[in-house]
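These notes are about the structure you will find just below.
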Amino acid sequence: MSEHDEHLRELGTQLPWDRPDAARRDAVRSSLLVAAAEDNARPATRWYVIGGAFAAGALAAAAAVLLFVRADDRPAPVASAARIEASPAAQF
């Protein structure tokens, strides 16, 4: 442990600290329980937003796949039957 850490530890022991009385602890505990109950009573709207975003992404991915697959359904170009022959006077 460094000298700086020891100095901070020593200063920390000099800070005033009062343990809350039983009434204060009960009041804080009650307020936390009430707040937790209220949070559980509200519908989780953020999950609806996340679900909607997931569904929109899935639809966009499906549309992209369909466009890619549809582009490959076009028939392949027919090979030309034409034949090019050089004349005997051609210089190569």
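Please turn the phi angles of region 4-16 into ³J(HN,Hα) values with the Karplus equation 6.51 cos²θ - 1.76 cosθ + 1.60 (θ = phi - 60°), one per residue in order, whole Hz, x for glycine and proline.
5, 4, 5, 5, 5, 4, 5, 5, x, 6, 8, 5, x
Kindly write out, for region 46-57 in residue order, the coupling ³J(HN,Hα) from the Karplus curve 6.51 cos²θ - 1.76 cosθ + 1.60 (θ = phi - 60°), rounded to whole Hz, with x marking Gly and Pro.
Once rounded to whole Hz, the list reads 5, 5, 5, 5, 5, x, x, 5, 5, 5, 5, x.
From the phi angles alone, apply the Karplus equation (6.51, -1.76, 1.60; θ = phi - 60°) to region 18-28 and give each ³J(HN,Hα) in whole Hz, x where the residue is Gly or Pro.
Couplings: 10, 6, x, 6, 4, 5, 5, 4, 5, 5, 5 Hz.
Every read-out reported here was derived from the displayed coordinates using simple, explicitly stated rules and does not represent laboratory data. All figures in this text were calculated on a predicted structure; none of them were measured in a lab.
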